[in-house]
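Data block below; observations after.
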Amino acid sequence: MADTEHHAAQSPVEGDGISYIGIVWFVIILTVVTVICQVLMWVLLRAFQYQGVAGTVSPVAAVVTERQTAEGRIYPDVSAVGLTDGPQPKLLVNEPANLEAFRAREHEALTTYGWVDRNAGVVRIPVERAKELVLQRGLPVRGK
């Protein structure tokens with residue numbers, strides 16, 4: 001005869017194979033390490049704050065006299081630092097004025113007539129006039 005009794009002592013369901021205690025320990029260790037790193041960073045930043053007290057100024061870091069041109073460039077006189085020859089650094093200190101001058105030059109180049117290369121006979125014409133000429137003459141077509 002067939003065995004029809006169910007075995008209650010044995011569980012027919014298998015485990016999922018995940019170690020939940022391992023996940024819990026990982027989260028605990030990760031939290032502890034994160035807190036320790038935060039505390040160490042706080043201590044480090046406090047130490048830097050106490051070291052930030054200004055000491056004596058180096059002669060190399062002395063105030064440099066400077067000249068400023070109309071287009072907003074600044075030319076430091078490095079003779080105050082001890083250098084008397086060599087190229088001078090050219091730093092932008094008035095960027096809005098430089099941008100305005102650049103836009104004015106570009107607007108003039110796009111809206112006026114002028115020579116690009118007089119020796120080669122190359123001229124510049126305004127964009128609006130160039131558009132009119134393209135509409136009148138059409139675009140160039142390559143022959144077959």
Candidate set: segment 106-127, residues that are surrounded by 10 or more Cβ atoms within 10 Å (Cβ to Cβ) and of a type in the set (D, E, K, R); chosen: the one nearest to L92 (Cα to Cα):
E106
Condition check: over 30 Å from A130 (Cα atoms), surrounded by 10 or more Cβ atoms within 10 Å (Cβ to Cβ) and either of a type in the set (D, E) or at pLDDT 60 or above (or both). Does A47 satisfy that?
yes
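The values are calculated or read from the model by the stated rules, or taken from the named source; none is laboratory data. As the structure is a computational prediction, the values presented were derived from the model and not from experiment. Cβ atoms come from the backbone with ideal geometry, glycine included; neighbour counts cover every protein chain shown.
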